[in-house]
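Rule-based calculations on the coordinates, nothing more; no lab input. Every value quoted in this text rests on a predicted model; they were computed, and no experiment measured them. All Cβ positions, glycine included, derive from the backbone under ideal geometry; neighbour counts span all protein chains shown.
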Amino acid sequence: MEGVLEVTPEQLEVLSNQGRELPYVEFNSHVPAIKLDYQGESFWYYKTLPLKGYSALLARELRDLESQGRQVLLARFNNRIYIYGTGVTPIGAGKAPAA
């Protein structure tokens, strides 16, 4: 994974999932990012799902993040859906450095 990608309002689309409309951006062949910045908010990588069959799993993951008061932003990189959330602890944060 790479560092940070800036998301502009023009890039934002809507992804419909089980009756909900979710903010979504399509990056396709870019290398996935650890963090997405959108309008002053930082959305940190939370989890990834395969593009095929993600619907039911996505709904469960969104409920989990939203129950914690997090905002969600979805992104597509290659053939996977990446879930980003505000206030998510970044990958590797709080772990001891590798020896």
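Once a ≥ b ≥ c are taken as the square roots of the eigenvalues of the Cα gyration tensor of the chain, is the result rounded (a/c under 1.5), prolate (a/b larger than b/c) or oblate (a/b not larger than b/c)? Rounded, because the longest to shortest axis ratio a/c is under 1.5. Here's how it looks for LYS47: its modeled amide H is under 5 Å from those of ILE83, which are all 5 or more places away or on a different chain. Between the Cα long axis of helix 55-67 and the first principal axis of the chain there is an angle of about 60°, rounded to the nearest 10. The string of couplings for segment 24-35 from the Karplus curve (6.51, -1.76, 1.60, θ = phi - 60°) is 8, 9, 10, 9, 6, 7, 4, 6, x, 9, 6, 9 Hz, one whole number per residue in order, with x for Gly and Pro. Each peptide in 67-74, 53-60, 41-48 gets a packing score, the mean of other Cβ atoms within 10 Å over its residues, and the list from highest to lowest is 41-48, 67-74, 53-60. Using θ = phi - 60° in the Karplus curve 6.51 cos²θ - 1.76 cosθ + 1.60, the 3J(HN,Hα) couplings for segment 75-88 round to 9, 10, 10, 6, 10, 9, 9, 9, 9, 10, x, 6, x, 7 Hz; x is entered for Gly and Pro.
Quick one: if the Förster radius is 41 Å, what FRET efficiency do ASN28 and SER67 give, using the C-beta to C-beta distance and rounding to 0.05? Intermediate values should be presented prior to the final figure.
Values: r = 31 Å, r/R0 = 0.75.
Efficiency at R0 = 41 Å is approximately 0.85.
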